[in-house]
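The values are calculated or read from the model by the stated rules, or taken from the named source; none is laboratory data. For clarity, every value in this text was computed on a predicted model and none was experimentally measured. Reconstructed Cβ throughout: ideal geometry from the backbone, glycine too, with neighbour counts over all protein chains shown. Just the protein is used for accessible areas: all its heavy atoms, side chains included, with ligands, DNA and RNA removed. Shrake-Rupley method; radii C 1.70, N 1.55, O 1.52, S 1.80 Å.
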Amino acid sequence: MPHIIVEYSDDIASKRSIDGLCLRLFEGAVDTQLFGEGQTIKVRAHACQNVFMGNGDQSFVHAELRMLPGRTAEQKQSATQTLLNVLVAELPEVTNLSVDCADLSDAYAKQ
């Protein structure tokens, strides 16, 4: 816990190693100090082949941080900004970068 789910336009893979990007996001999550060493941070990425955005530039990366409830709004904002800073540092040529944060529901289960 937590999960970082990354969606990206498939052209991003020609600009940056997706494995490397996932590692940097993992490191960014560790840097937030919101997650104990015993918690397993999970990062996964999905390429989007069919993309249309009205601003003309079709390259994007969007990361969603999902975690158990209990963090303050300030902690969530800080975490999303930390992850956004990682994206900006790793992909300075991509203008459509975003990060969102959501609490997992009470129905979340894992084995």
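With R₀ fixed at 35 Å, the C-beta to C-beta distance from D11 to Q81 puts the FRET efficiency at about 0.85.
Once the Cα atoms are used to define both axes, helix 73-90 deviates from the longest principal axis of the chain by about 40 degrees. Inter-label distance, S105 to V51: 2.9 nm, where each label sits 7 Å from its Cα along the C-beta direction. Distant-in-sequence amide contacts of F35, defined by a placed amide H-H separation under 5 Å and a gap of 5 or more residues or a different chain, comprise nothing. Restriction of the GluC sites (Glu not before Pro) in region 1-55 to DSSP coil positions whose beta-carbon has at most 10 other beta-carbons within 10 angstrom yields E37.
Every helix of 4 or more DSSP H residues in the chain counts as -39500 (n - 2.57), and over all residues that averages to -9500 deg cm²/dmol at 222 nm. Within the same chain, lysines fewer than 8 places from K110 are excluded, and of the rest, those with a Cα less than 23 Å from its Cα are K42, K76. Across V86, V61, V30, mean-square fluctuation computed from a Gaussian network of the chain (C-alpha pairs under 10 Å connected) peaks at V30. Based on every Cα atom in the chain, Rg and the maximum pairwise Cα distance Dmax equal 14.2, 43 Å.
Relative contact order of the chain: 36 percent, from C-alpha pairs under 8 Å at least 6 residues apart in sequence. Other residues with beta-carbon under 14 Å from the beta-carbon of N50 carry, at +1 per Lys or Arg and -1 per Asp or Glu, a net charge of -3. Among S98, S14, the sequence by solvent-accessible area, most first, with a 1.4 Å probe is S14, S98. Per-residue Karplus couplings for region 19-31, computed as 6.51 cos²θ - 1.76 cosθ + 1.60 with θ equal to phi - 60°, are listed in order as 4, x, 5, 4, 4, 5, 5, 4, 4, x, 5, 4, 4 Hz, Gly and Pro entered as x.
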